[in-house]
């Protein structure tokens, strides 16, 4: 599940953004001031920052410069400054995207997912992913467990690779539907559940006795290295 940090001083807008992004499958934290947001971005485990430029304690562009000096975390700037000059300055300073107010929740969610997808796609496609004794080769589309190659379907491989590339992070079924199946969410829980069940069987585990795939009740699943 993507971890989003919202830096926004207006409490009503902040609450609306938190609700909208949570409804769309993101985990959301927020900061009401720029300096708190900077601290939270640097000390928390966030995947992306949604940054308002009109903050009470520091200009958002200056905060972005400070953040970029020490971090490459993706940043989407949201602001009422809709002029082209503001857009250019934000991108030059290091923003990954720019959303002028007003905007819809669906639009922001789409931009968040697009930025996160670009970030993930920037990783070498052929880099081997290892979790415990599970070794996944994206280029050859092979999976080895304890030295033995597993026979996975194409969808099972894609599902396992997505979970492995987000090891330790809880991923919602909504996110899996969007990112693995490339489908809009809507009653797809059964499809995800069935494929997780098949994948667990091939990994030599069950939902009741998990090794790699752990369920988090009412949230989603995560892939972890088995406990010794």
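The values are calculated or read from the model by the stated rules, or taken from the named source; none is laboratory data. What you see is a predicted model; the values in this text were computed from it and never measured. Neighbour counts run over all protein chains shown; Cβ positions are idealised from the backbone, glycine included.
Listed by position, the helices (runs of 4 or more DSSP H) inside segment 37-126 whose residues that are surrounded by 14 or more Cβ atoms within 10 Å (Cβ to Cβ), in contact with a helix residue (DSSP H, G or I) (Cβ under 8 Å, 6 or more places away or on another chain) and free of Cβ contacts under 8 Å to residues at least 40 places away in the same chain number at least 3 are 60-70, 84-93.
Residues that are out of contact with any helix residue (DSSP H, G or I) (no Cβ under 7 Å at 6 or more places or on another chain) and surrounded by fewer than 17 Cβ atoms within 10 Å (Cβ to Cβ) within segment 10-26 comprise 10, 11, 12, 13, 15, 16, 19, 22, 23, listed in sequence order.
Of the residues screened, residue 21 is not one that is outside any strand (DSSP E or B) and more than 25 Å from residue 222 (Cβ to Cβ). One residue stands out among those in segment 170-179 that are at pLDDT 85 or above and crowded, with 18+ Cβ neighbours inside 10 Å: the one that is nearest to residue 117 (Cα to Cα), which is 176. Scanning segment 191-218 for residues that are at pLDDT below 85 and either under 25 Å from residue 117 (Cβ atoms) or buried (at least 16 other Cβ atoms within 10 Å of the Cβ) (or both) yields a count of 1.
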